[in-house]
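The values are calculated or read from the model by the stated rules, or taken from the named source; none is laboratory data. Predicted, not measured: the structure shown is a model, and the values here were computed from it. Positions of Cβ are generated from backbone atoms using ideal geometry, with glycine treated the same way; all protein chains shown enter the neighbour counts. The protein model used for the area step is the full one, side chains on, heavy atoms only, and it has no ligands, DNA or RNA in it. Shrake-Rupley method; radii C 1.70, N 1.55, O 1.52, S 1.80 Å.
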Amino acid sequence: MQAGYEQSPSDPRDWRSPHQQSGSYATRVEGDHFISLSQSDAQAGVGVATRHGNRCGDAFSIFVQYMHAGDRNSAIREIQARRDFATTSEKAAEIDAFPRIVPITIDELETARTTPRVLVPVFLFADARTRIAPGGTNKTTLALFEAVKLSLGQPIWGREPVGPLRTVLVTREDSREILVGRLRKLMDELVLNTAQRQRALDNIAILDFTGCSFRLSAVENDVVVPNYGNLDVLKEILYDWKPDWLICDPLVSFGVGESRVNDAEQGLIEA
């Protein structure tokens, strides 16, 4: 159509070329090629001659005839230029995906933070961290204890939090019921009253993925990368609740396993 051809309303394979004077649709397209029965096309040199005196060709033939006035070399040069431009554009896009060297300004130097957002001074920041210990040593219970204290804005480990903090514990090991039962025991030991218990429950949430194959990283082309699909799901779930910190318990269950330790850890950091 860009070349000026008109399609037949009765048969989409048939077309009328710009050279035709009659009202017939003398060009038929079959797959990637065409054949023209028009004498006007033959006189104009569209495509190449068949042994029966008709004309045939492909999309490049049309491109040469109508976009470059029959100059085949000119058409080839344009196609090569388009390919070079596409290759250059693809390379530029790949380069743009990576960081560039940007000069550090005095303003940036004076205003740059020295830590991520502080949740508990010296102790807890809005950043990635892990708690490492053997199984069965109460890592989860300790995390729940911290969540309760922080939900009330109470001091923890001798440090004052910036205020009441919201915690989401995402579990792939202990069920929601078990974790809620431990929360109750902790509240009993801390002697929380009804108002404090409700305040803690308002600021603590549990996502139970124990029955799901839910991982935050994946292996693609033998490289560990963030699992963007599951990350989008998690972000959607958490968006309105807006937690201050997120506990993945146990962390190893959210990665690609321990067969490639360093890559697995880096994949979780990127996630």
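Could you list the chymotrypsin sites (Phe, Trp or Tyr not before Pro) in segment 125-175 that lie in coil according to DSSP, counting only those with at most 12 other Cβ atoms within 10 Å of their Cβ? Mind showing how you got there, number by number?
Working: sites: Phe125, Phe145, Trp157; in loops: Trp157.
The qualifying sites are Trp157.
Considering only Ala205, Ala44, Ala218, give the residue with the highest GNM mean-square fluctuation for the chain, with springs between Cα atoms whenever their separation is below 10 Å.
Ala44
Connecting C-alpha atoms closer than 10 Å in a GNM of the chain, tell me which of Asn203, Asn227, Asn54 has the biggest fluctuation.
Of Asn203, Asn227, Asn54, the most mobile in the Gaussian network model is Asn54.
Among rounded, prolate and oblate, which fits segment 193-263 when a ≥ b ≥ c are the square roots of the eigenvalues of its C-alpha gyration tensor, a/c under 1.5 means rounded, and a/b larger than b/c means prolate?
Prolate, since a/c reaches 1.5 and a/b exceeds b/c.
For helix 72-96, report the angle its Cα long axis makes with the longest principal axis of the Cα atoms of the chain; keep it between 0 and 90° and round to the nearest 10°.
0
Give me the dipole magnitude in Debye, nearest 20, for the chain about the Cα centre, with unit charges on the beta carbon: positive for Lys and Arg, negative for Asp and Glu.
Value, rounded to 20: 360 debye.
Specify the angular offset, from 0 to 90 degrees and rounded to the nearest 10, of the alpha carbon long axis of helix 194-203 from the longest principal axis of the alpha carbons in the chain.
It works out to around 30 degrees.
Starting from the eigenvalues of the Cα gyration tensor, five times each then square-rooted, give me the equivalent ellipsoid semi-axes of the chain, largest first, whole Å. Can you show the working numbers first?
Details: eigenvalues 978, 111, 65 Å².
The answer is 70, 24, 18 Å, longest axis first.
Let me know the number of lysine pairs in the chain closer than 30 Å at the Cα, not counting same-chain pairs under 8 apart.
Final tally of qualifying lysine pairs is 8.
Roughly how far apart, in whole Å, are the Cα centres of segment 4-80 and segment 163-225?
69
Per residue, how many Å² of accessible area does segment 108-207 show with a 1.4 Å probe? Write out the running numbers ahead of the final one.
Details: 6000 Å² over 100 residues.
It amounts to 60 Å² per residue over segment 108-207.
Per residue of segment 24-31, what does 6.51 cos²θ - 1.76 cosθ + 1.60 with θ = phi - 60° give for ³J(HN,Hα)? Whole Hz please, x for Gly and Pro, Karplus curve as stated.
Whole-Hz 3J(HN,Hα) from phi for segment 24-31: 7, 10, 8, 10, 10, 9, 10, x.
Once you list every other residue whose beta carbon is under 15 Å from the beta carbon of Glu220, what net charge do they have if Lys and Arg are +1 and Asp and Glu are -1? Intermediate results must be reported in sequence, preceding the final value.
Numbers: positive: Arg215, Arg260; negative: Asp222, Asp263, Glu270.
With Lys, Arg at +1 and Asp, Glu at -1, the neighbours total -1.
Just to verify a number: what accessible area does Cys248 come out at with the full protein assembly present, 1.4 Å probe, Å² rounded to tens?
Taking all protein chains as shown, Cys248 has close to 30 Å².
Got a number for carbon plus sulfur as a percent of the chain's accessible area, 1.4 Å probe? Each step should come with its number before you reach the end.
Numbers: 9470 of 17810 Å².
Exposed carbon and sulfur together represent 53 percent of the surface.
Which of Gly181, Gly45, Gly136 ends up with the largest GNM mean-square fluctuation for the chain, with Cα atoms connected below 10 Å?
Evaluated over the chain, the most mobile residue of the options is Gly45.
Identify the chymotrypsin sites (Phe, Trp or Tyr not before Pro) of segment 232-271 meeting these criteria: DSSP loop state and at most 11 other C-beta atoms within 10 Å of the C-beta.
Those satisfying the criteria are Tyr239, Trp241.
Kindly provide the trypsin sites (Lys or Arg not before Pro) of segment 1-89 that DSSP labels as loop, not H, G, I, E or B, and whose Cβ sees at most 10 other Cβ atoms within 10 Å.
Taking segment 1-89 and a limit of 10 other Cβ atoms within 10 Å, the loop trypsin sites (Lys or Arg not before Pro) found are Arg51.
What is the ratio of the Cα radius of gyration of segment 142-247 to 2.2 N^0.38 Å, where N is its residue count, to two decimals? Mind dumping the intermediate values first?
Values: Rg = 15.9 Å, N = 106, 2.2 N^0.38 = 12.9 Å.
For segment 142-247, the normalised Cα radius of gyration is 1.22.
Using only the alpha-carbon atoms, how far is helix 228-238 inclined from the longest principal axis of the chain? Give it as 0 to 90 degrees, nearest 10.
That helix lies at roughly 50 degrees to the long axis.
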